[in-house]
1. Determine which member of the set ARG403, ARG366 is at pLDDT 85 or above, farther than 21 Å from VAL187 by Cβ and in contact with a Ser or Thr (Cβ under 9 Å, 6 or more places away or on another chain).
2. From the set of residues in segment 354-387 that are β-branched (Val, Ile, Thr) and in contact (Cβ under 8 Å) with a residue 40 or more places away in the chain, which is farthest from ASP180 (Cα to Cα)?
3. Working only within segment 372-396, note down all residues that are among the hydrophobic types (A, V, I, L, M, F, W, C), modelled with pLDDT under 85 and surrounded by fewer than 22 Cβ atoms within 10 Å (Cβ to Cβ).
4. Could you tell me whether THR308 is touching a helix residue (DSSP H, G or I) at 6+ places or on another chain (Cβ under 9 Å) and part of a loop (DSSP other than H, G, I, E, B)?
5. Could you run through segment 43-79 and say how many residues are more than 33 Å from the chain's Cα centre (by Cα) and under 28 Å from PHE113 (Cβ atoms)?
6. Of these, SER34, SER39, SER61, which one is modelled with pLDDT of 90 or more and in contact with a strand residue (DSSP E or B) (Cβ under 9 Å, 6 or more places away or on another chain)?
7. Considering each residue of segment 110-148, count those that are outside any helix (DSSP H, G or I) and more than 17 Å from ALA448 (Cβ to Cβ), and give that number.
8. Are any residues in segment 16-28 in a helix (DSSP H, G or I) and modelled with pLDDT under 95, and if so, which ones?
Amino acid sequence: MRKLRLLAAATCSAVALLTGAAAQAETLTDALISAYRNSNLLDQNRALLRATDEDVAVAVSALRPVVQFVAQSTYNFQRLHGPVASLDLSVGERGNTESLSSSVGITASMTLFDFGRNRLAVEAAKENVLATREALINVEQNVLLDAVDAYVQVRLAQSIVDLRRSNLSLIEQELQAAQDRFDVGEVTRTDVAQAQAALAASRSNLTSAEGDLTVAREAYKAAIGHYPSDLKALPSAPRTADSLDAARQVALRGHPSVRQAQRQVAAADLNVARAKAAMRPTLSGDASVGLDESGQETASVGLSLRQTLYSGGQLSALYRQSLANRDAQKANLLQTGVLIGQNVGIAWSTVQVASAAIAAGTEEVRAARTAFEGVREEATLGARTTLDVLNAEQDLLDAQADRLTAEAQRYVGIYQVLSSMGLLTVEHLNLGIPTYDPAAYYNAVKNAPATSSQGRRLDRVLQSIGRD
């Protein structure tokens, strides 16, 4: 029974160790989720989006009255020179007079009609919010693409290190074989020296590969938020498009950079209309109530119509400026389309070239392995030198490294195609995690809440996104 209990305990311990090891293994999906959750760049741009949301609240506030509490106190001093006429028309002595007056009151003012200038400002602010949301999606794509690249580069660097270690082991065996053959007089000291030189070079290459792995690990930490431990094999690459033309059409229709540029054009059009409306009159209303130090109450209500007749050319300059900005945004939209189409073509070509390199590399590895095995066998029969064996082994190593590099380039290239199409997002990749809701904060502030039930709801929104 005691042996059975020990066996059961050992089995449980082994299972626990295996489970722990499996739990530590990280998949590409895990890395993408971690990158999304830990990205400082995403946090920065989310905060910029919330700041842009507040522009809508600022614009909305211009449609509402401004109510102010006013308390003022005025001290008056007057020095009188020469005779002073009194009320009974006699001439009095000169002297000084002083007085102190105080009052408190409430004033209110509101723009009643401005030819839609303030409402246009609200609409322009809304377009800027939508443009900033698209910019946030683009940042999300860059974060995820960096995560994919970091994951693949760590695995590639680790594979190269493994190749270099295997190569070092083989060269050590070749050196020992050369030394044994030299001891029995089958080869010369030159063969041993060549093997020794190859061994030194292999050690140097292994050190360089280990350095590349360290660099890749640092890039992984920067992109994902922690160092890699045990990275699992890459999953099947996601689907992109059936053809280059199809991929380009998707990109030009829905890439966040294109949609951002479209929103910027819409905002520029609204700003032109605002600049034109600024040249027209403004009707505003004012009201006030007050109380002075003697207890006298005052109240007033009035309307005012203001029209700028001359401002030194400022209004005309602002109008021309808005026209120029609109032209710039339209040109930016066209250029963005050109660049997006170019990026799709480049990414697509990268995948095609890498695929061809993989096919050629596979054949090269097969041939290099056959050649190496043949040369090594011939060397045992004295038909080949040690240098021939070392060169054949180096050719095989280079072929294997080239194929691994091509496979990594193709895999990352597929995600680059997705990014160039505007589809490299948490939602499209189906990562299965809650994502940041850009509308939550906007909906809480779009009506410019102050201290009210709306303000309390805003506090809850801020808490939900982890901000004070």
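The values are calculated or read from the model by the stated rules, or taken from the named source; none is laboratory data. Bear in mind the structure is a predicted one, so any value in this text is a computation, not a measurement. Heads up, the Cβs are rebuilt from the backbone with ideal geometry, glycines too, and the neighbour counts pull from every protein chain shown.
1. Working: ARG366 fails: in contact with a Ser or Thr (Cβ under 9 Å, 6 or more places away or on another chain).
Of ARG403, ARG366, the one residue that is at pLDDT 85 or above, farther than 21 Å from VAL187 by Cβ and in contact with a Ser or Thr (Cβ under 9 Å, 6 or more places away or on another chain) is ARG403.
2. Step one: list which residues in segment 354-387 are β-branched (Val, Ile, Thr), which gives 358, 362, 365, 370, 375, 380, 385-386.
Filter once more, keeping what is in contact (Cβ under 8 Å) with a residue 40 or more places away in the chain: 358, 362, 385-386.
Values: ILE358: 39, THR362: 35, THR385: 14, THR386: 12 Å.
Here the answer is ILE358.
3. LEU381, ALA383 - these are the residues of segment 372-396 that are among the hydrophobic types (A, V, I, L, M, F, W, C), modelled with pLDDT under 85 and surrounded by fewer than 22 Cβ atoms within 10 Å (Cβ to Cβ).
4. Numbers: touching a helix residue (DSSP H, G or I) at 6+ places or on another chain (Cβ under 9 Å): yes; part of a loop (DSSP other than H, G, I, E, B): yes.
Judged against the criteria, THR308 is a match.
5. We begin by selecting, within segment 43-79, every residue more than 33 Å from the chain's Cα centre (by Cα); these are 63-79.
Checking which are under 28 Å from PHE113 (Cβ atoms) leaves us with 63-70.
Adding up the residues that qualify gives 8.
6. SER34
7. Residues of segment 110-148 that are outside any helix (DSSP H, G or I), as a first pass: 110-116.
Now drop any that are not more than 17 Å from ALA448 (Cβ to Cβ), which leaves 112-116.
Qualifying residue count, segment 110-148: 5.
8. Narrowing segment 16-28 to residues in a helix (DSSP H, G or I): 16-24, 28.
The answer is ALA16, LEU17, LEU18, THR19, GLY20, ALA21, ALA22, ALA23, GLN24.
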